[in-house]
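The values are calculated or read from the model by the stated rules, or taken from the named source; none is laboratory data. These numbers come from a predicted model, not from an experiment. Backbone-built Cβ (ideal geometry, glycine too); neighbour counts: all protein chains shown.
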């Protein structure tokens, strides 16, 4: 049985992530919690979202990130029909960048 995302444990995880204060703290936490591949995959997906947001083509994105067209398509679907997480993060990056 699949557990729903919104659990007390997940909320504790997200609050803990929000408490991190530096890039070094993030590296240390994610290195302990995730495999290197998991962190690389999340990083790649965020880069794909950024490039889609900039209007890049699937071919350009694949060449730049090494992401498959399936991954690019999944990220694109999330950008248009997901919970809004990528959009929120990209908009905050645009304002701060």
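Could we say that residue 32 is at pLDDT 95 or above and within 11 Å of the chain's Cα centre (by Cα) here?
On the way: at pLDDT 95 or above: yes; within 11 Å of the chain's Cα centre (by Cα): no.
Here the answer is no, as residue 32 does not meet what is asked.
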Determine whether residue 73 is modelled with pLDDT of 95 or more and at positive phi.
no
Name the residues in the range 68-78 that are part of a helix (DSSP H, G or I) and either touching a residue at least 60 places away in the same chain (Cβ under 8 Å) or surrounded by fewer than 17 Cβ atoms within 10 Å (Cβ to Cβ) (or both), would you?
69, 70, 73, 74, 77
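Which of the residues that make up the range 12-28 are more than 16 Å from the chain's Cα centre (by Cα) and surrounded by 11 or more Cβ atoms within 10 Å (Cβ to Cβ)?
16, 20, 25, 28
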Could you check, for the range 58-67, whether at least one of its residues is at pLDDT 95 or above, exposed (fewer than 10 other Cβ atoms within 10 Å of the Cβ), more than 15 Å from the chain's Cα centre (by Cα) and part of a helix (DSSP H, G or I)?
no
Considering only residues that are surrounded by 12 or more Cβ atoms within 10 Å (Cβ to Cβ) and part of a helix (DSSP H, G or I), which ones fall in the range 29-39?
29, 30, 33, 39
